[in-house]
1. How crowded by other chains is A:94-106, given as the mean number of beta carbons from other chains within 10 Å of each beta carbon?
2. Counting other C-beta atoms within 10 Å, and keeping those with at most 11, which DSSP coil GluC sites (Glu not before Pro) do you find in the stretch A:45-131?
3. Rank these for me by crowding, A:115, A:17, A:103, going from fewest to most other beta carbons within 10 Å.
4. Would you please name the GluC sites (Glu not before Pro) within the stretch B:116-164 that are DSSP coil residues with at most 15 other C-beta atoms within 10 Å of their C-beta?
5. Take chain A, connect every pair of alpha-carbon atoms lying under 10 Å apart with a spring to form a Gaussian network, then pick out the residue of A:46, A:15, A:120 with the largest mean-square fluctuation.
6. Neighbouring Cβ atoms within 10 Å as the yardstick, rank B:30, A:81, B:67 fewest first.
7. Which of the chymotrypsin sites (Phe, Trp or Tyr not before Pro) found in the stretch B:98-141 are loop residues per DSSP with 16 or fewer other Cβ atoms within 10 Å of their Cβ?
8. Counting only C-alpha contacts under 8 Å and six or more residues apart, can you give the relative contact order of chain B as a whole percent?
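Laboratory data are not the source of any read-out in this text; all were calculated from the coordinates shown. Note that the structure is predicted; figures quoted are calculated from it, not measured. Because the Cβ atoms are built from the backbone with ideal geometry, glycine has one as well, and the counts that use them run over all protein chains shown.
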Amino acid sequence: MNTADQYLKAIYLAQRIEDGPASTGTLADLLDVSPASVNEMVGKLQDRELVEHEKYKGASLTDEGLERAHDALQTYCIIERFLANVLEVEEFREEARALESVIDDTVAERLDTIIDRPEQCPDCFDPEADHCELLEISGRAD
Amino acid sequence: MSLGQRVSSDNQLTRLLQIGVVLEEVVESRAALHIDSLPPEERAEFDAEVEELLVEAAAESADHRERLEALIDDLEAETVEYEEINALVDAQYGPPEDTDGVLYDQLANEETAYKFYDDLITAIEASDTEFAVDRDRLLETLSEIREEEKEGVQEVTEIMEHRA
């Protein structure tokens, strides 16, 4: 997943957490980058009409941005579910975050052929818990 | 969240190689299922060329899997057994409608594998981490596999072109 998609996903999750525009501080925390980096990337995404940014309020996804964020979150859900249920990784949240930049959408699509993902994915993703609320964790150690 | 394509630990590398093994197992399993899944009338038309392609693809995936497993052994980790992945593929498998569908799926398999190894090589090269497995051997193995995946893409594409 490329950096732009990771930002779009973070904006989508931040909007859900904050129930409104995503603030720079929340995005910096979610992405583990500096506020300056967030502002720079949000500016680029705004130029590409994927995000609308309102001063002192924060960033909101446009319809096109929302669609891409949705796809990116779905890819992320596949990675988490694959790690948790196929490789049975206990620390699947942390590992999914570490791996998402190296796993391409097409690779995730193939992994999706062997996992059981709910139809409503990714709407069932819980941004506070950082995983799908319907994910059954086997509990087996890594 | 980790921004930027980089493999920065043995654990991360192990996980990516394990994903590579699973992708190969998926290819192997789907290729075998494709041969069995076609209805009799399609199977009669299922020429030797396509059947050979699938048999070769399954054998090549098994070979790639063994080479990845050797690297994973050096990282003192384990892989998911083929039988386990085969059962998961089987549970979700929807057979393609016809031979063209089989070829498209095979093309997607090869392209996905190529993209996976290409991204993995880039991410290893971008990192200065000293891994528990020899870096030269790691990159050499992955580059060889990537090359074979590239040839696989070309092979399927050629068959699709002259069947069109």
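1. Numbers: counts 2, 3, 3, 2, 10, 7, 3, 9, 16, 6, 5, 2, 7.
Average per residue, whole number: 6.
2. Details: sites: A:49, A:52, A:54, A:64, A:67, A:80, A:88, A:90, A:91, A:94, A:95, A:100, A:109, A:119, A:128; in loops: A:49, A:88, A:90, A:91, A:100, A:119, A:128.
Qualifying residues, ordered by number: A:49, A:119, A:128.
3. On the way: A:115 18, A:17 14, A:103 23.
If I rank by nearby Cβ atoms, fewest first, I get A:17, A:115, A:103.
4. On the way: sites: B:125, B:130, B:140, B:144, B:147, B:148, B:149, B:151, B:155, B:158, B:161; in loops: B:130.
Those satisfying the criteria are B:130.
5. Answer for the Gaussian network model of chain A: A:120.
6. Working: B:30 29, A:81 24, B:67 17.
Listing B:30, A:81, B:67 from fewest to most nearby Cβ atoms yields B:67, A:81, B:30.
7. On the way: sites: B:104, B:114, B:116, B:117, B:131; in loops: B:131.
Answer in residue order: no site qualifies.
8. Values: 153 pairs, mean separation 59.4, N = 164.
RCO, chain B: 36 percent.
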